[in-house]
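The structure appears below as structure tokens.
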Amino acid sequence: MSILVNKNSRVVVQGITGSEGQFHSKQMLDYGTNIVAGVTPGKGGTSVLDGSVKVYNSVEESILRTKADTSIIFVPPPFAAEAIIESSYAGIKLIVCITEGVPIHDMVKVKQIIKRNGTRLIGPNCPGIITVDECKLGIMPGFICKRGNIGVVSKSGTLTYEAIDQLVNSGLGQTTAIGIGGDPIIGTTMLDCLELFEDDKDTDGVVIIGEIGGQMEIEAAHWAKENMSKPIAGFIAGKTAPPGKRMGHAGAIVSGGNDTAEAKIKVLNECGISVSESVADIGSVMKSLMN
Amino acid sequence: MKIHEYQGKELLKKHNIKIPHGIPAFSIEEAMKAYEALDSSVVAVKAQVHAGGRGKGGGVKIAKNKDEAYNHIENIFGMNLVTHQTGPQGKNVERLYLESGVDIKDEFYAAITLDRSLEMDVFMVSTEGGVEIEKVASETPDKIIKVWIDPLVGIKNYQLRKLAFGLGLTGKSFKEAISTFNKMYNCYQKNDASILEINPLVITNDDEIIALDSKFNFDSNALFRQKDIVAMRDLTEEDEMEIEASEHNLNYIKLDGNVGCMVNGAGLAMATMDIIKIAGGEPANFLDVGGTANAETVKNGFRIILSDKNVKSILINIFGGIVRCDRVAEGVVQAVKELGLNVPVVVRLQGTNAKEAKKILEDSNVSIIPAHGMKDAAEKAVQSVLN
């Protein structure tokens, strides 16, 4: 078991003919991801990657022909919101949006639409999701993962890889790792992921990695305190970040006082999450929780 | 992205929101002419900088006659304005805004921004105008009236009424307020603003609603479709190196420490700053080089970090995923050689081909200190400052 994606996921790649789309589709296929179709409007009828993936003009058409149920989006920011909306109305159940730089006003609308349609969205501005040895739906280096019993959820890309690497070095493998994205409005929250991991029988512990800005980590921690039976190791980046400055991620900005790293670490600890002070200790903290 | 008060007011005016009569000026002469043109018994002379607290810092003065006006103009134009938001180094005033005085019956607070938790825009008003809203929020939160706007239907009349009733308005001012709030929401939407704050929003003796001050912030992700907003960007308000970095697709923010760092990924970059602090040092910057860390990006990164003379050592922390570490290592060696660096460079490469990368660094004839793991890297970088 795992969460959200597995070897049966039938994947359509939106924006597959672009350079990013082609490059990562190849990487995903090599990992074993079941890519059944690509979509680029106007390029329907062609194929990519030496004829291995057929391209359709719309998501709707790709579903009719291939029974795709999962999508990953590599289209530029001005068109990303529409790509999500197209997939949602076409009936795709899970959408991963890799695109960085989607306007916030677009995402506010998208969020209402996917709620209404019951679509699960991961991202935007995220590395995607990987269920180890089954399905890589994203841009992360798959080979660093090892199959095991830890779930990983994170706002950041490379920090997720860092955590996975430390887990492996501590002898811990993963079920599923999700990069939820660093934008102010994202499809799937940290709390959503904890809920899914709590229900997954193969996951025995979870690593959560957050950062300054917003209240997502705090909301997840409060939920976990009441509902989570599995141990959680945490890390919050940005203790040294100056207030009012956007630290790379669109959402990583201290703008109140209750969204600093210190404020979040305090609440997480109070809610029974073992927060490592140093990024270098994420793996060992999880290891000690599992013993 | 931020804009000046006078630009914000132009934008409000475009959306038919009433503002006091005002004229921007870019020299003392222009300001004097603006004063004459306003022909008003009371004129406010306002420094135009992207920072709050201008009044307290002496950047906003009221003139009741010509002599006072000239005096204020000469004092404020070119002054180094220090407020709680400019930092101790202050901000040079190169733009003024002269504005006619308005008779005020009452003043309010009105703002629209994104509520990240509820994932909708929130419209807030308060009877406590002219004071810091953070203070009102923490001390008397019941004095803030809020409505959340469904983005698929927009703001509705019952919501506008709730805001106006909440301020205790009736008659003409009630109608005017509803119309103003509606225009504010349009302005916020059309321009991809992330904050539109009018504080104070005043009622005149004639029951007109006028925006006396305004603060805008715009979503940088949406600038590609907001050419008019981009045209208002004032580069003198931004850090020179931060601008240069963005031209090279690097994300740089200067800090006060002396350990420079170069990292791929924003989260890892923040975590690297944090671990430098834990190791007993102070980070000199945030620098995210993004997904592709090749010789060119590394070189640009070095140049930007070293433009800060406080930097005594540099920590490079790259987690190679799709990017191969050996490629990054070659890039680092090449950049160090070409730039002839004279500060110690600690390099930690993890991920794809990390072993090969380590060998490249060790075999190079440049002074690079290889590190294993983030803790080791941070400690070595901090230690090398002391040596």
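No lab work stands behind these numbers, since they all come straight from the coordinates. Quick caveat, the model's predicted, so the values are computed rather than measured. Reconstructed Cβ throughout: ideal geometry from the backbone, glycine too, with neighbour counts over all protein chains shown.
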With DSSP loop assignment and no more than 14 other C-beta atoms within 10 Å, the trypsin sites (Lys or Arg not before Pro) in region A:48-128 are A:Lys67
Projected-area mean, the protein assembly as shown, by convex hull of Cα positions, square nanometres:
31.4
Extend 7 Å from the Cα of B:His21 along its Cα-to-C-beta direction; within region B:36-58, residues with backbone N under 20 Å of that point are B:36-46
Report, by chain and number, residues whose modeled amide H sits under 5 Å from the one on A:Val254, excluding near sequence neighbours (fewer than 5 apart, same chain).
A:Gly244, A:Lys245
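Fewest first, what order do A:Ile185, B:Ile278 take by the number of other Cβ atoms within 10 Å? Before the final figure, lay out each step's value.
On the way: A:Ile185 22, B:Ile278 18.
Neighbour counts put them in this order, fewest first: B:Ile278, A:Ile185.
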With a ≥ b ≥ c the root eigenvalues of the C-alpha gyration tensor of region B:55-110, is it rounded (a/c under 1.5), prolate (a/b larger than b/c) or oblate?
oblate
Report, as a whole number in µm² per second, the diffusion coefficient that Stokes-Einstein gives for region B:1-150 at 10 °C and 1.306 mPa s using the Kirkwood radius over alpha carbon pairs.
93
About the Cα centre of region B:1-97, what is the dipole size in debye to 20, counting +1 per Lys and Arg Cβ and -1 per Asp and Glu Cβ, all else neutral?
480
Please compute one quarter of the surface area of the Cα convex hull for chain A and express it in square nanometres.
14.0
Compute the acute angle (0 to 90°) between the alpha-carbon long axis of helix B:354-363 and the principal axis of greatest extent of the alpha-carbon atoms of chain B; round to the nearest 10°.
70
Describe numerically, in nm with one decimal, the distance between label points set 7 Å from Cα along Cα→Cβ at B:Val343 and at A:Phe143.
3.4
For the Cα atoms of chain A, what angle does the longest principal axis make with the long axis of helix A:104-117, in degrees from 0 to 90, nearest 10?
80
If you place +1 on the Cβ of every Lys and Arg and -1 on the Cβ of every Asp and Glu, how big does the dipole about the Cα centre of region A:137-225 come out, in debye to the nearest 20?
240
By its C-alpha gyration tensor, with a ≥ b ≥ c as the square roots of the eigenvalues, how is region A:1-108 shaped: rounded for a/c under 1.5, else prolate for a/b larger than b/c, else oblate?
rounded
Please work out the Cα center distance from region A:269-284 to region B:1-33, rounded to the nearest Å.
50
Work out from phi, with θ = phi - 60° and the Karplus expression 6.51 cos²θ - 1.76 cosθ + 1.60, the ³J(HN,Hα) of each residue of region A:157-172, listed in order in whole Hz, and give x for Gly and Pro.
x, 4, 5, 5, 4, 4, 5, 4, 4, 5, 4, 4, 5, 8, x, 10
For region B:263-280, in residue order, the Karplus 3J(HN,Hα) values (coefficients 6.51, -1.76, 1.60; θ = phi - 60°; whole Hz; Gly and Pro = x) are 9, 9, x, 5, x, 5, 5, 5, 5, 5, 4, 4, 6, 4, 5, 4, 6, x
Label points 7 Å out from Cα along the Cβ direction at B:Ser179 and B:Leu306: separation in nm?
6.3
Once the Cα atoms of helix B:5-14 and of chain B are each reduced to a long axis, what angle between those two axes, in degrees from 0 to 90 to the nearest 10, is obtained?
60
What number, in nm² with one decimal, is the all-direction average of the projected area of the convex hull of the alpha-carbon atoms of region A:86-167?
6.0
How far is it, in nm, from the label point at A:Thr46 to the one at B:Asn75 when both lie 7 Å from their Cα along the line to the Cβ?
6.8
Between B:Gly351 and residues 5 or more places away or on another chain, the pairs with built amide H atoms under 5 Å apart involve B:Gly320
Cut-off under 12 Å on the C-alpha distance; same-chain residues fewer than 8 positions from B:Lys355 excluded. Which aspartates and glutamates are left, in chain and number order?
B:Asp326
Mean-position separation - Cα centroids, region B:314-330 and region A:156-173, in angstrom
17
Sequence-distant residues sharing a close amide H with A:Gly151 (under 5 Å, placed H)
A:Thr175, A:Asp204, A:Gly205, A:Val206, A:Val207
Given the rule -39500 (n - 2.57) for each run of at least 4 DSSP H residues, summed and divided by the residues of the protein assembly as shown, what is its mean residue ellipticity at 222 nm, to the nearest 500 deg cm²/dmol?
-11000 deg cm²/dmol
If R₀ is 25 angstrom, what is the calculated FRET efficiency for the pair A:Gln215 and B:Phe165, using the beta carbon separation as r and rounding to 0.05?
0.25
Efficiency of FRET between A:Ser58 and A:Asn6 - r from beta-carbon atoms, R0 22 angstrom, step 0.05
0.25
Cα gyration tensor, region B:110-187 - rounded (a/c under 1.5), prolate or oblate:
oblate
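Where does each of A:Cys97, A:Cys193, B:Cys187 land when they are ranked from fewest to most other beta-carbon atoms within 10 angstrom? Walk me through the intermediate numbers first.
Values: A:Cys97 30, A:Cys193 24, B:Cys187 21.
Going from sparsest to densest Cβ surroundings: B:Cys187, A:Cys193, A:Cys97.
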Report ³J(HN,Hα) in whole Hz for each residue of region B:373-387, in order, from the Karplus equation J = 6.51 cos²θ - 1.76 cosθ + 1.60 where θ = phi - 60°; Gly and Pro get x.
x, 6, 5, 4, 4, 5, 4, 5, 5, 5, 4, 5, 5, 6, 6
